[in-house]
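Remarks on the structure that follows.
Each reported figure results from applying straightforward, stated rules to the coordinates on display, with no laboratory input. Keep in mind it's a predicted model, so treat the numbers as computed, not measured. Here the Cβ positions follow ideal geometry from the backbone for every residue, glycine too, while neighbour counts run over all protein chains shown.
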Amino acid sequence: MLPVLSEEVVRHRIARRIAMEFEDGDVVNLGIGIPTLVSDHIPEGVRVIFQTENGVVGAGPKPPEDDLRFIGAGGRCLSVIPGGALIASDFSFGLIRGGHLDATVLGALQVDQEGNLANWWIPGKLVPGMGGAMDLVTGAKHVIVATTHTTKKGQPKLVKKCSLPLTGAKVVSLVVTEYALFRFVDGQMVLEEIAPGVTEEDLKGVTEAEYVTSSNLSIMKGCDEEQN
Amino acid sequence: MPTKVIKPVMSAEEAVKHIKPGSSVMIGGFNYGGIPYTLVEALVEAGTSDLTLIANDTAYDDVGHGKLVSRGQVKKVIASHVGLNKSTQRLFNEGKLELELVPQGSFVERIRAGGFGLGGVLTPTGVGTVYEEGKQVIEIEGRRYILELPLKADVALIRGYRADRYGNLVYFGTNRNFNPAMAAAADLVIAEVDAILEVGELDPNDVVTPGILVDILVLKGDSYYASRT
């Protein structure tokens, strides 16, 4: 039986684990949703430079008073850290496409075992547009997916082959869910960490994708820091 | 309109009279930031129709150029994201709106190509996805690139922070976004700003958009977003 987790625990567990991936000085773009929470969990002593595609290098937390002239990609007001820079969209996407970002953290509709990512369009439903996502997954050195393990209806999001239109082909480097962490190593999806209380059998039951299990499989890092 | 050295300062109402029905119009902004709200609201008021709107997104139904879409003044949208404006989705689904979605980085490069005399740009963005369909793909040193063609417009409405009478512009905060690129890619460029200074009052070191690109200056108004962004 998979453990029952509150939405808060799920969101912060995923964000906390992803935040442990970064090194001092890494340049990182965070998408909206769970990825936004990653900045709350950066370990002490690690300076991550957050980039927002609308033109900030060195984005800081929401200021005490809103100034609508400084916003993030999701429209929330933000601060610019001392030492930050404001840039135009062409420069911002030059940084993104040009390989100057260490990582991008995004949500997913589907990820498949080949590292394909779909997160921009459900044909017949919404046509939101890809925004900056296609550029981000093309240019960032590491594409980190932050997603719940299944859809709200319990359908697997980690699948054999994406049925939805792709955002990028063979781009994903890491997937973190509330149950597990998978890394793509030489094109192969590898289970490296599993959350406490989740058995390998439980995990197989909610994962359609085929993966190999690391010989160093461990308990998912950061779960021991959860308050409840 | 001939470009003069000293740029005319007009009301938004006068300025948007230069936009004819059927024009292609670039409008700066990302989400609700950096939109030339006063100009856009005047264009909504003027009711100019059959426009091709070239903007990163279509804002919200009742915010900025989102209103141009929701009020049926737009026949075609070229954008990277339209998810926040329900009217865009609805009109597209009803077959009343043409929609061309472009990845955001490719979108701004197309505008840059249009403004800076390039025949197009080659980008890896979108390769291996449905976006590639119908586009020319060119392989260079073993990597595949999509050929993105230039975008130009009849008019660009842009949002600066301060101008001088030559039309030189500086920007503020995250309002900059697509505005400098668009300033180079349209036949007529109308800039909305917080303040218009005398020639010499802007430090040339700070100028981002040189005044030779700007045709008309308009001071921002006091509507909710115009006054706060």
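Listed values, structure above:
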quantity	calculated
FRET efficiency estimate (nearest 0.05) - Cβ-Cβ, B:Glu13 to B:Glu201, R0 25 angstrom	0.40
Per-residue [θ]222 nm for the protein assembly as shown (sum of -39500 (n - 2.57) over DSSP H runs n ≥ 4, rounded to 500)	-5000 deg cm²/dmol
Average projected area [Cα convex hull, region B:100-168], square nanometres	6.5 nm²
Under the Debye formula (equal points on every Cα, no solvent term), log10 I(q)/I(0) of the protein assembly as shown at q = 0.07, 0.08, 0.11 Å⁻¹	-0.37, -0.48, -0.87
Region A:54-108 - convex hull of alpha carbons, volume per residue in Å³	102 Å³
Helix A:7-19 vs. chain A, principal-axis angle (Cα, 0 to 90°, nearest 10)	70 degrees
Choice from B:Asp50, B:Asp61, B:Asp206 showing the highest fluctuation, given a GNM over chain B with Cα pairs closer than 10 Å	B:Asp206
Average Cα contact separation per residue, region B:30-136, under 8 Å, 6 or more apart, as relative contact order %	20 percent
Region A:106-228: relative contact order in percent, alpha carbon pairs under 8 Å with at least 6 residues between	27 percent
Neighbourhood charge, 13 Å Cβ-Cβ cut-off, centred on A:Pro43 and excluding it, Lys, Arg +1 and Asp, Glu -1	-3
Beta bridge orientation in chain B: antiparallel %, DSSP, nearest 5	30 percent
Rounded to whole Å, sorted largest first: equivalent-ellipsoid semi-axes of region B:1-113, Cα gyration tensor	23, 17, 13
Gaussian network model of chain B, springs between alpha carbon atoms under 10 Å - residue of B:Asn56, B:Asn179, B:Asn205 with greatest fluctuation	B:Asn205
Given A:Lys153/A:Lys204; B:Lys17/B:Lys75; A:Lys125/A:Lys161, the pairs whose alpha carbons are separated by over 24 Å	none
In Å, descending, principal axis extents of the Cα set of chain B	52, 42, 31
Most mobile listed residue (B:Gly119, B:Gly167, B:Gly142) in chain B, GNM with C-alpha springs under 10 Å	B:Gly142
Summed side-chain charge close to B:Ala79 - residues other than B:Ala79 whose Cβ falls under 11 Å, Lys, Arg +1, Asp, Glu -1	-1
Average Cα contact separation per residue, chain B, under 8 Å, 6 or more apart, as relative contact order %	24 percent
Taking the C-alpha atoms of region A:7-222, convex hull volume expressed per residue in Å³	133 Å³
Average beta-carbon neighbours from other chains, 10 Å sphere, peptide A:168-175	2
20 °C / 1.002 mPa s Stokes-Einstein diffusion coefficient of region B:107-229, Kirkwood radius on C-alpha pairs, µm²/s	134 µm²/s
